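The values are calculated or read from the model by the stated rules, or taken from the named source; none is laboratory data. Since this is a predicted model, take the numbers as computed values, not measurements. Note that we place each Cβ from the backbone using ideal geometry, even for glycine, and neighbour counts take in every protein chain shown. We work out accessible area using only protein heavy atoms, side chains counted, and drop any ligands, DNA or RNA first. Shrake-Rupley method; radii C 1.70, N 1.55, O 1.52, S 1.80 Å.
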Amino acid sequence: SLGLQANQALNEARQRIMDCLGVRSGKVLFCRCATEAVEWLCRRFDGPYASTLETNCSIYEHDSVRDCCYNECNFNDAMNYMGPNSIYLHQHTNQITGSIFSIEFIGKQVQSTGAFFGSDFTAAIGHYPLPDNLDSFCDAVWMSGHKLGTEPGIGAIWLSDRLFKYLGGDEDSRNEYGFIHGTPNVSAAVTMSLAMKRAVREAKTNNIVWGQLVNYMCTKLSENGILHHIQD
């Protein structure tokens with residue numbers, strides 16, 4: 001009975017993360033961190049299907065993404081050769097500059113070629129409101145729990161139904177739908193899902209507060225005769 005309770009808690013955590021992302025379909029898999037998530041995803045493409053499938057990412061990606069992709073390229077260049085047997089990864093928010101990318105536009109363009117589209121949400125959750133209708137233009141998103149305030153060692157990746165089926169997932173949620181074997185850290189997964197729920201809820205308020213702080217800083221700089229420029 002304890003095993004059944006743990007499995008129920010794990011599946012509830014999966015649904016909580018899907019609710020945070022605003023998706024109504026697909027599957028959530030738990031792993032150790034965002035790095036492991038994207039490495040796993042790329043291995044699924046470059047592993048048994050290496051002769052036919054291709055992994056591509058933008059020039060802005062975190063090292064963990066760039067290091068496991070076959071091609072690092074500009075989005076416009078990637079559009080020239082992507083097709084049904086490839087995936088393109090482009091982050092939602094840059095972890096260094098905070099720049100936000102129009103992943104809905106990028107994702108729809110990528111999917112129009114028949115390719116899959118994935119996005120790194122690690123630097124986005126809790127900092128900016130997440131895009132609506134994510135499952136209409138995206139096939140995978142991943143994130144780390146420690147960026148949300150949990151202990152290190154937990155992460156998650158969401159897969160669209162289309163990508164899940166393509167990669168050969170099992171409908172049984174045990175062993176992360178047959179993809180990642182081993183005993184999951186249930187308490188960490190539950191904690192991550194709760195932390196993500198709080199971060200998503202507070203993102204809008206946080207942006208208002210941060211805007212107020214920036215305005216206050218600019219006011220004080222001006223009052224003291226200090227020239228300044230905000231680089232957006």
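Accessible surface computed residue by residue for the stretch 1-125, with neighbouring protein chains in place and a 1.4 Å probe, gives 46 Å² per residue.
Note on the stretch 33-112 and the stretch 120-176: Cα centroid distance 14 Å, given to the nearest whole angstrom. Looking at the stretch 132-213, none of the trypsin sites (Lys or Arg not before Pro) sits in a DSSP loop with at most 16 other Cβ atoms within 10 Å of its own Cβ. Taking the longest Cα principal axis of the chain as reference, the axis of helix 103-112 is set at about 40 degrees. Please report the spacing between the Cα centers of the stretch 191-214 and the stretch 5-30 in Å, no decimals. With the stretch 191-214 and the stretch 5-30 each reduced to a Cα centre, they are spaced 20 Å. Note on the stretch 120-232: with charges restricted to the Cβ of Lys and Arg (+1) and Asp and Glu (-1), its dipole about the Cα centre is near 380 debye. Applying a 4.7 Å Cβ-Cβ cutoff to the chain, the cysteines left without a disulfide-compatible partner are Cys20, Cys31, Cys33, Cys73, Cys138, Cys218. Charging the Cβ of each Asp and Glu at -1 and of each Lys and Arg at +1, and nothing else, the dipole of the chain about its Cα centre rounds to 560 debye. Considering only Val65, Val190, Val214, the mean-square fluctuation computed in a Gaussian network model of the chain, springs between alpha carbons under 10 angstrom, is largest for Val214. Computed from Cα positions, the angle between helix 186-223 and the longest principal axis of the chain comes to roughly 20 degrees.
Semi-axis lengths, largest first, of the ellipsoid equivalent to the stretch 65-221 are 29, 23, 13 Å, with √(5λ) applied to each eigenvalue of the Cα gyration tensor. At a 1.4 Å probe, what is the % contribution of carbon and sulfur to the accessible area of the chain? For the chain, the apolar C and S fraction of the accessible surface comes to 50 percent.
Extension gain, Ile100 to Ala9, is 29.4 nm, computed as 0.36 nm per intervening residue step minus the present C-alpha separation.
Axis of helix 34-46 versus longest Cα principal axis of the chain: the two differ by about 50°, to the nearest ten degrees. For the stretch 106-189, the relative contact order works out to 22 percent when only alpha carbon pairs closer than 8 Å and six or more residues apart are counted. For a quick check, take a GNM of the chain with Cα springs below 10 Å and name the residue from Trp40, Trp142, Trp210 with the largest mean-square fluctuation. Its mean-square fluctuation being the largest, the pick is Trp210.
Calculated mean residue ellipticity at 222 nm for the chain: -13500 deg cm²/dmol, from DSSP H runs with n ≥ 4 weighted as -39500 (n - 2.57), summed, divided by the residue count and rounded to 500.
Separation of the alpha carbons by more than 24 angstrom is noted, of Lys27/Lys147; Lys108/Lys165; Lys147/Lys220; Lys27/Lys108, for Lys147/Lys220.
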